[in-house]
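This report refers to the structure that appears directly beneath it.
The values are calculated or read from the model by the stated rules, or taken from the named source; none is laboratory data. Note that the structure is predicted; figures quoted are calculated from it, not measured. Positions of Cβ are backbone-derived with ideal geometry, glycine not excepted, and every protein chain shown enters the neighbour counts. Accessible surface is based on the protein model in full, side chains and every heavy atom, while ligands, DNA and RNA are left aside. Shrake-Rupley method; radii C 1.70, N 1.55, O 1.52, S 1.80 Å.
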Amino acid sequence: DYEDISGDYDNDDIVIDDQEEEDPAQARQGIHSYSVYVKDCTWQEAYNDCISMGGSLATIDSREEWDYIINLLKQQNTGAYYFYLGGSRDINDGSYYWLDETGEWYGDPVNSSSFWGSDLWLEGEPSFQDGDTPETSLAILYMKSADRWVLNDVANDTLYTEEYLAGKVAYICEFE
C-alpha cells in the first residue's frame with residue numbers, strides 16, 4: 001500500500017492542444033503529469049510499477065521541471081522521503097543516464113559537468129558505492145542540514161543499506 005500524491009506539470013515552451021493529434025516527441029518534452037507513491041520497495045520495483053501504470057519513473061530534463069517537482073514535493077510536505085527517479089547506470093560504468101519507458105538510456109550523463117543540473121548533486125556524490133553495496137540508481141532527497149533538495153545515487157534496494165528509511169521510501173511516476 002502506498003500514498004498517492006499527484007500533480008501536473010506544463011512546460012510552457014511546448015503547448016499541445018488536446019484537440020490536435022499529439023506528436024509523442026513533443027509530449028515527452030511538453031505536458032507531464034506526476035504521481036508520487038510512498039512505498040517501501042526497490043528501485044526496480046518502482047520502475048516496474050510506473051511502467052505497469054502506463055508511465056515511467058520521472059526523468060527531469062530541465063531546471064524548470066526540477067523546480068516544478070520540488071514545489072510539488074514541498075506542497076505535500078514530503079521532505080522526509082527518498083524519492084526514486086528514472087535514472088540509473090550499468091554497474092560497470094560510472095555514468096548515470098535517464099531511462100525512458102522502453103528501458104533505454106538517453107541524453108547526456110546526469111553526473112557530467114555538462115549536465116544542466118550538475119550543481120544539484122549532494123556533496124561528495126555520486127559515490128557509486130555504499131560500503132560493499134553498489135549504488136546504481138538515482139534518487140532525490142531533502143538535505144535539512146544544507147536546506148536544499150539534492151540528487152543522490154542509491155542502491156537498488158535502499159532499505160538494505162539505509163534501514164532507518166523504512167516507511168519513508170517513495171518514487172515519482174511521470175505520465176504523458
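With protein chains left intact and a 1.4 Å probe, residues in the stretch 79-176 average 47 Å² of accessible area per residue. The distance between label points at Ser145 and Gln44 comes to 3.2 nm (points 7 Å beyond Cα on the Cα→Cβ vector).
Placing a pseudo-label 7 Å from each Cα along the Cα-to-Cβ vector at Ser113 and Asp130 gives an inter-label distance of 2.9 nm. Other residues within the sphere of radius under 14 Å centred on the Cβ of Trp149, judged by their own Cβ, net out at -2 (K and R +1, D and E -1).
Which semi-axis lengths, in whole Å and largest first, follow from the square roots of five times the eigenvalues of the Cα gyration tensor of the stretch 68-156? So the equivalent ellipsoid measures 21, 15, 13 Å along its semi-axes.
Let me check I've understood the local charge: for Phe115, count other residues with C-beta under 14 angstrom from its C-beta, Lys and Arg +1, Asp and Glu -1. What total comes out?
Values: positive: Arg63, Arg89; negative: Asp61, Glu65, Asp108, Asp119, Glu125, Asp153.
So the surrounding residues net to -4.
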